[in-house]
Amino acid sequence: MSDTTYLAEGPRTAIRPFTPADADEFTARARESRELHRPWLFPPTDPDTYAAYATVLIEDPSKAGFLVCERHGAVAGGDGAVAGFININNIVIGGFRCGALGYGAFAHAAGRGLMAEGLELVLRYAFGPLGLHRLEANIQPGNEASIALVRRAGFRLEGFSPDFLFIDGAWRDHERWAITAEMR
């Protein structure tokens, strides 16, 4: 676990920024979760790829990356196991004040409600200290777990975008889900 202070805490999870020191745990969890993530998601699985990924999330003001950590986790020796991650990408300020979510649970945490709690913490942080007004999640139609997560969090389905994102060698269709500060 990193020494970074949590940005927000819930009963079972807390969120904190990515750090370079998270490389070993993050990449090990990503490798363990390949079957869960494919074909939707391809998080970094080696230290060099993680370093580039985390550096962008740490240094680019148009992005905010959060690790969802278990407060009373399954890791021997204490709390703080990384359960998943939630990133806000393409942050635009000014009159727009929006961002696009990307996220993934790790296999050991999947189906335990930890990402739902983590997403709630990220939404509070995004609509509070970050000052955003709107968040979008673009999800491939067959990704039922991801759709269920945003639906439970109060997102509304706003549309369908054919050939929206290039993932795993092809342009993939996506559903557009969104939530605004007023919807909370």
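Where a number appears in this text, it was derived from the coordinates with a stated rule and is not lab data. Given the structure is predicted, the values throughout are model-derived calculations rather than measurements. Here the Cβ is made from the backbone with ideal geometry for all residues, glycine too, and neighbour counts use every protein chain on show.
The helix-based estimate of mean residue ellipticity at 222 nm for the chain, built from -39,500 (n - 2.57) per DSSP H run of four or more residues and divided by its residue count, is -8000 deg cm²/dmol to the nearest 500.
The simple Förster model, with R0 at 41 Å and r as the Cβ-Cβ distance, assigns Trp171 and Arg124 a FRET efficiency of 0.75. Among Tyr6, Tyr103, the order by Cβ neighbours within 10 angstrom, fewest to most, reads Tyr6, Tyr103.
A protection proxy built from the mean count of other Cβ atoms within 10 Å ranks the segments 26-36, 109-119, most packed first, as 109-119, 26-36. The DSSP beta bridges internal to segment 8-183 are antiparallel in roughly 90% of cases.
With Cα atoms as the point set, the radius of gyration and Dmax of segment 123-184 evaluate to 12.8, 37 Å.
Subtracting the Cα-Cα distance of Asp46 and Thr19 from 0.36 nm times their residue separation leaves 8.2 nm of extension gain.
A convex hull fitted to the Cα coordinates of segment 8-183 yields 117 cubic angstrom per residue.
Relative contact order for the chain: what percent, with Cα pairs under 8 Å and sequence separation of 6 or more?
18
What are the ³J(HN,Hα) couplings of segment 85-95, residue after residue, when phi is run through the Karplus curve with 6.51, -1.76, 1.60 and θ = phi - 60°? Round to Hz, x for glycine and proline. Going residue by residue, I get 8, 9, 10, 9, 10, 6, 5, 10, 9, x, x Hz, with x marking Gly and Pro.
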